[in-house]
Amino acid sequence: MNTEEEFFDAVTGFDSDHSGEFSEASQKVPGGLGSDTSKSQSVGKTEARPPQENGLQTHRTSLPAPMFTRSDFSVWSILKKCIGLELSKITMPIVFNEPLSFLQRITEYMEHVYLIHKASRQAQPLERMQSVAAFAVSAVASQWERTGKPFNPLLGETYELIREDLGFRFISEQVSHHPPVSAFHAEGLSQDFVFHGSIYPKLKFWGKSVEAEPRGTITLELLQQNEAYTWTNPTCCVHNVIIGKLWIEQYGTVEIFNHRTGDKCVLHFKSCGLFGKELHKVEGHIQDKNKKKLFMIYGKWTECLWGVDPASYESFKKHERRGDHPKKVKPGRCCSGKVDSDVADHVPETQETVQVIPGSRLLWRINSRPPNSAQMYNFTSFTVSLNELQAGMEENLPPTDCRLRPDIRGMENGHMDLASREKERLEEKQRAARRERAQEETAWRTRWFHQGSNPYTGTPDWLYTGGYFERNFADCPDIY
C-alpha cells in the first residue's frame with residue numbers, strides 16, 4: 001500500500017459473532033432521519049416509515065446493534081512508531097471507529113441550533129453575542145466521552161440533513177483528500193441565518209494521547225441583523241490511548257468576533273491542570289471594540305454555560321481568593337455532573353458541578369443522553385439519528401451521501417467483518433480513481449463547494465456554490 005495514499009482508517013477483518021441488538025428506549029427523543037436500509041447486501045433491513053407526532057416526523061432512539069468491545073485490541077502496536085507524527089496516513093483498526101462519517105460528526109454542531117434562532121430574535125448585540133458564544137460551546141459538547149474515531153470521508157462524499165422541527169437544512173462535502181478538508185453549509189428554514197465553514201483537523205500522537213488541532217474558520221451570519229461572527233474550535237485531546245481509561249479534554253482560546261459591531265467574545269477552554277481541578281471548565285468575557293468588558297461567561301463545556309455582569313463576577317472571585325467560599329450549587333441545579341468512580345488513578349475525576357454566581361443567567365445546558373448511550377458509542381439522542389435511512393429516502397439522496405456508505409452501515413448493524421471488507425474495497429476504489437486521474441492528468445472537481453476567501457476574514461475557505469437542494473444529482477461521482 002502506498003503510504004501517500006493510505007486512508008486514515010485501517011482495514012482489518014473481525015468476526016461479527018458478537019453482534020446483536022438491544023431494545024429502543026421508551027422515551028421520545030429529537031434526532032435526525034428515519035429507518036435503516038442498506039445499499040450493500042446483507043447489511044440491515046428496510047424498516048417502516050417512522051411515526052408522525054403533531055405532523056412532525058419522530059426519530060429512532062437507539063442503534064440497530066450495540067457497540068463492539070475494544071478491550072481485545074491493542075492500539076500500541078500501531079501507534080508506537082508514530083510518536084510526534086501527523087496521523088492522516090496511519091491506519092487504525094475499524095474497531096476503534098464509531099459508525100459515523102466525519103461529515104456527520106460536523107453536523108452535530110447543529111444539535112443546539114435553537115441558540116442561533118434565539119440570537120436572531122434578540123434586539124441587542126450583547127444578547128446576541130451571548131447566544132452565539134453559547135452555541136460555539138455547545139457545538140463541541142457532543143464530544144464528551146466520545147472516544148471512537150469517525151470514518152474519514154471519501155473524496156466527494158456528501159451528507160445532508162433537513163430538520164423541519166429544528167428549523168434548518170445542512171449540506172457538507174469532502175472537498176479534498178490530501179489534506180483532508182470537509183466543507184459545510186447550513187441555513188435556517190425561516191431565512192434567519194447561514195452557518196458555514198471548512199474543517200481540516202490536524203491529528204498528532206504524543207505517546208499517551210492523540211491531539212486534534214482545529215484548522216479552518218467557522219462563520220455564522222445572522223441575516224436580519226446583517227451581522228457575521230467568525231471563530232475556530234478549541235483543541236481536542238484524547239488521553240490514555242495506549243492503556244487505561246480513555247478520557248477527553250478540550251483546551252485553547254476561542255475568539256468570536258462580531259464583524260459589524262467590533263465586539264469580541266474570548267473563551268478559554270481550560271486544560272485539566274493539577275489534580276484535574278480545571279477539567280472541562282470554560283471561562284471568558286465579551287468585550288466591545290474598545291476592549292471594555294461587558295459580560296463574563298463561565299461554566300463547563302460538558303454541562304452548561306452561565307453569564308453575569310463583570311462587577312458580580314469580580315466580587316465573587318475576590319471572596320473565592322480569600323477562602324470565603326459561597327454556598328455550593330445543589331446537584332441538578334445546573335446539569336447532571338456524574339462522577340465515574342471506576343477509573344484509573346491518573347484520570348482526573350469530574351469535579352463538583354458549576355458554582356453559580358448570584359445574579360447569573362443560564363445561557364445553555366446540555367441535553368440529557370439516552371439511557372443506553374454507553375452501548376451506542378456515547379452518542380447523544382441527536383447523533384443516534386444521523387445515519388438513519390428511512391424507506392424511500394434513498395431515491396431522493398445523491399449516490400454520495402454517507403448513509404449509503406456500506407462500511408459505516410455494516411458497522412452500525414454490528415457486522416464488523418463485513419464493514420472491514422467494504423472499507424478495504426472503498427479505499428482501493430478511491431486509490432484506483434486517483435491513479436486514473438493522474439494518468440489522464442485531470443483534476444478532481446468538487447460538486448457543491450468551491451475554493452475562495454472567507455468574506456469576513458479574508459482567509460482561504462471553501463464556499464457553498466449552491467444548487468444542492470434542486471436535487472440534480474446526474475453528474476455525481478460513483479464513490480461507493
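For (1) surrounded by fewer than 24 Cβ atoms within 10 Å (Cβ to Cβ); (2) part of a loop (DSSP other than H, G, I, E, B), each residue gets a yes or a no:
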{"position": "Ala374", "(1), (2)": "yes, no"}
{"position": "Asn378", "(1), (2)": "yes, yes"}
{"position": "Asn387", "(1), (2)": "no, yes"}
{"position": "Gln390", "(1), (2)": "yes, yes"}
{"position": "Glu395", "(1), (2)": "yes, no"}
{"position": "Pro398", "(1), (2)": "yes, yes"}
{"position": "Arg403", "(1), (2)": "no, no"}
{"position": "Met411", "(1), (2)": "no, no"}
{"position": "Ala419", "(1), (2)": "no, no"}
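Regarding Trp301, is this residue hydrophobic (A, V, I, L, M, F, W, C), at pLDDT 90 or above and closer than 25 Å to Ala374 by Cβ? Spelling it out, Trp301 is indeed hydrophobic (A, V, I, L, M, F, W, C), at pLDDT 90 or above and closer than 25 Å to Ala374 by Cβ.
In the stretch 394-424, what residues are touching a strand residue (DSSP E or B) at 6+ places or on another chain (Cβ under 6 Å) and within 18 Å of Phe379 (Cα to Cα)? Within the stretch 394-424, Cys402, Ile408, Met411, Glu412 qualify.
Being farther than 24 Å from Asn396 by Cα and either open to solvent by 80 Å² or more (accessible area, probe 1.4 Å) or part of a helix (DSSP H, G or I) (or both) is the filter here, so list the residues in the stretch 445-463 that pass it. Within the stretch 445-463, Gln451, Pro455, Tyr456, Pro460 meet the criteria.
Here is the figure for the stretch 138-171: residues that are of a type in the set (D, E, K, R) and open to solvent by less than 30 Å² (accessible area, probe 1.4 Å) total 4.
Conditions tested, residue by residue: (1) at pLDDT below 90; (2) in contact with a strand residue (DSSP E or B) (Cβ under 8 Å, 6 or more places away or on another chain); (3) farther than 26 Å from Thr400 by Cβ.
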position	(1), (2), (3)
Arg49	yes, no, no
Asn54	yes, no, yes
Phe68	yes, no, yes
Trp76	yes, no, yes
Cys82	yes, yes, yes
Thr91	yes, no, no
Leu100	no, yes, no
Met110	no, yes, no
Pro125	no, yes, yes
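Can you tell me which residue among Phe151, Phe170, Phe135 is aromatic (Phe, Trp, Tyr) and over 19 Å from Thr219 (Cβ atoms)?
Details: Phe170 fails: over 19 Å from Thr219 (Cβ atoms); Phe135 fails: over 19 Å from Thr219 (Cβ atoms).
Answer to the check: Phe151.
Go through Asp263, Asp288, Asp309 for me and flag whichever is acidic (Asp, Glu), buried (at least 21 other Cβ atoms within 10 Å of the Cβ) and in contact (Cβ under 8 Å) with a residue 12 or more places away in the chain. Give the steps one after another, and end with the answer.
On the way: Asp288 fails: buried (at least 21 other Cβ atoms within 10 Å of the Cβ); Asp309 fails: buried (at least 21 other Cβ atoms within 10 Å of the Cβ).
Of Asp263, Asp288, Asp309, the one residue that is acidic (Asp, Glu), buried (at least 21 other Cβ atoms within 10 Å of the Cβ) and in contact (Cβ under 8 Å) with a residue 12 or more places away in the chain is Asp263.
Going residue by residue through the stretch 315-323, is there one that turns out to be aromatic (Phe, Trp, Tyr) and either within 24 Å of Glu249 (Cα to Cα) or at pLDDT 95 or above (or both)? For the stretch 315-323, residues aromatic (Phe, Trp, Tyr) and either within 24 Å of Glu249 (Cα to Cα) or at pLDDT 95 or above (or both): absent. Looking only at residues of the stretch 172-214 that are hydroxyl-bearing (Ser, Thr, Tyr) and over 23 Å from Thr253 (Cα atoms), we find that the one that is surrounded by the fewest Cβ atoms within 10 Å (Cβ to Cβ) is Ser190.
Residues of the stretch 93-126 that are part of a strand (DSSP E or B) and either over 30 Å from Phe68 (Cα atoms) or small (Gly, Ala, Ser) (or both): Ser101 alone. When the stretch 464-480 is limited to residues that are under 24 Å from the mean Cα position of the chain (by Cα) and open to solvent by 40 Å² or more (accessible area, probe 1.4 Å), the one that is farthest from Leu189 (Cα to Cα) turns out to be Thr465. Val175 passes every criterion in (1) part of a strand (DSSP E or B); (2) closer than 21 Å to Ile94 by Cα; (3) of a type in the set (A, V, I, L, M) apart from (2). Taken over the stretch 266-285, the residue count meeting the criterion of being open to solvent by 10 Å² or more (accessible area, probe 1.4 Å), among the hydrophobic types (A, V, I, L, M, F, W, C) and at pLDDT 95 or above is 1.
The values are calculated or read from the model by the stated rules, or taken from the named source; none is laboratory data. From a predicted model like this one, the values you see are computed outputs, not experimental measurements. Note that each Cβ is placed from the backbone with ideal geometry, even for glycine, and that neighbours are counted across all protein chains shown. Accessible surface areas use protein heavy atoms only, side chains included; no ligands, DNA or RNA. Shrake-Rupley method; radii C 1.70, N 1.55, O 1.52, S 1.80 Å.
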